[in-house]
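Please read the structure below before turning to the comments.
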Amino acid sequence: MSVPTELGYTAKHEWVVVEDGIATVGITSFAAESLGDIVFVEVPEVGTEVTADEPAGEVESTKSVSDIYSPVSGEVVEINESLEDSPEAINSTPFGDGWLFRVRVSEEPTGLLSAEEYTKLTEGEE
């Protein structure tokens, strides 16, 4: 399983990277593999305020429906519209084209896990 070192992670299997006050959010490859084939994604609308550690959307797979938790607080400024027609991009490139939404952060994220910490966490769940 690939865990890019430049990203921050949550224990609920989201990843985040903040550049110039804008956070890009997605789910990890571990989450995508655990869910199976993703068939639908619901993300917050542009302009929505999200709160760190609170549900911000859902991912539906052939196995189940899972909440997406925002790792940051702030205003959603962009969503990955291509996921509407191609939600399977999350399975194939969760750290690339499978990103979910972008947030103008109102405060720096805290409590994120490093790639090493996230890897240790997921090793216990496999």
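The values are calculated or read from the model by the stated rules, or taken from the named source; none is laboratory data. Quick caveat: nothing in here was measured; it's all calculated off a predicted structure. Here the Cβ is made from the backbone with ideal geometry for all residues, glycine too, and neighbour counts use every protein chain on show. Protein only, heavy atoms only, side chains kept; ligands, DNA and RNA dropped before computing areas. Shrake-Rupley method; radii C 1.70, N 1.55, O 1.52, S 1.80 Å.
Could you tell me what percent of the accessible area of segment 8-105 is made up of carbon and sulfur, with a 1.4 Å probe and every protein chain present? Working shown, then result.
On the way: 1980 of 4590 Å².
Looking at segment 8-105 in its full context, I get 43 percent from C and S.
Loop only by DSSP, 12 or fewer other Cβ within 10 Å of the Cβ. Give me the GluC sites (Glu not before Pro) in segment 1-70 that pass, ordered by residue number. All intermediate terms of the calculation are to be shown ahead of the outcome.
Working: sites: Glu6, Glu14, Glu19, Glu33, Glu42, Glu45, Glu49, Glu58, Glu60; in loops: Glu6, Glu45.
Sites meeting the loop and neighbour criteria: Glu6, Glu45.
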*From zero up to wherever the largest Cα-Cα distance of segment 32-126 sits, split into 10 Å bins and tell me the percent of pairs in each.*
16, 43, 37, 5
